[in-house]
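Since the structure comes first, as structure tokens, the remarks are kept for the end.
Taken together, the values in this text are just the output of simple stated rules run on the coordinates, not laboratory data. This structure is a prediction, so every number in the text was calculated from the model and none was measured. All Cβ positions, even for glycine, are placed from backbone atoms using ideal geometry, and neighbour counts span all protein chains on display.
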Amino acid sequence: MSVETESEKTFERYLDSQNLAWTRFPDIRQKHPDYKVEHGQLTCVFEIKEFEDPAIKPVGGFSPCPAIQEKITQARKQFKGYREKCCVLVLWNSKSIYRSVLPDVVASAAFGQYVVTDANSAANLRADPPKYQFSGPAELSPTHNTTISAIAILSPYRLNHLWLETWRILYAKHQRGEEITPWLQFEVLEQLSTEQAPTFSYEGTIRTVVVENPYARIPFPTDLFAGPFDQRWRMQSGWLSLAFMGSELTKLKQSSVPFIYL
């Protein structure tokens, strides 16, 4: 058996934390996914992809979407013999600053460039979840990659209280009509950093953020990957929006933690 990668070990930790019984596919020559979970009458299979730095470091601006689109293409080949199963691509990035698995970036790689967002969704200080609409060529569409039921972003979660306090100070300034510039954000964070050391809650937590494929032949179950720190994003009336947030995140939201830290 091949040596487990960091992403595989992390995914197993997550599955165990959700009390999900899982099996690894044996190492055989045929292409196949990495893991299988029996969920009621449904068999779900998972292909894990992690990111490394690009061979040639980009200079200046660059798009993180092509690397994700490449993972989608690779996963499609692994799922070829499992089209009657619920097939999920799992993304993990812990090593490369040139790769991003933020939900909006993953969704843009999957559904096309997001061109319309709801009011204030791009504001640095928004407290509520945004919505997105997309345009242009897409990796997931009614005619392309319908075997993929969802893309699950596997990631650590922790709440940085220093960042949270910085946000609260900036938001109060914004409410008073002050302009929130990048320099002001840096200045407030720097000042707070001299007054207090950063502290964290939920250190060591692993969670998933699921982006559903609305065109999938087999939908991803709504009661799977529904842990206390998980999120679920779904296409509704043409908008990609938050459809589920775990119990612990809901409590944090009710205690006035802005969505950008959930």
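Overview of values
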| read-out | value |
| --- | --- |
| Sequence-distant lysines (8 or more away, or on other chains) whose Cα lies within less than 28 Å of K57 | K9, K49, K71, K77, K95 |
| Charge dipole magnitude, Cβ of K and R +1, D and E -1 - the chain, Cα centre, debye nearest 20 | 740 debye |
| Hydrodynamic radius by Kirkwood, which averages 1/r over all alpha carbon pairs of segment 146-258, in angstrom | 16.5 Å |
| Over the chain - Rg/Rh using Cα atoms and the Kirkwood inverse-distance radius | 0.98 |
| Size of electric dipole in segment 1-114: Cβ of Lys, Arg +1 and of Asp, Glu -1, about Cα centre, debye, nearest 20 | 380 debye |
| Kyte-Doolittle mean at least -0.5 and Cα axial length at least 15 Å: DSSP H helices in the chain | 182-195 |
| Label zone at S255, where the point sits 7 Å out along the Cα-to-Cβ direction: segment 190-222 residues whose backbone N lies under 15 Å | 199-203 |
| Aspartates and glutamates whose Cα lies under 17 Å from that of K80, excluding same-chain neighbours fewer than 8 positions away | D27, D34, E47, E70, E139 |
| Zone residues, segment 203-221, relative to K9, backbone N less than 20 Å from point 7 Å out along Cα-to-Cβ | 203-208 |
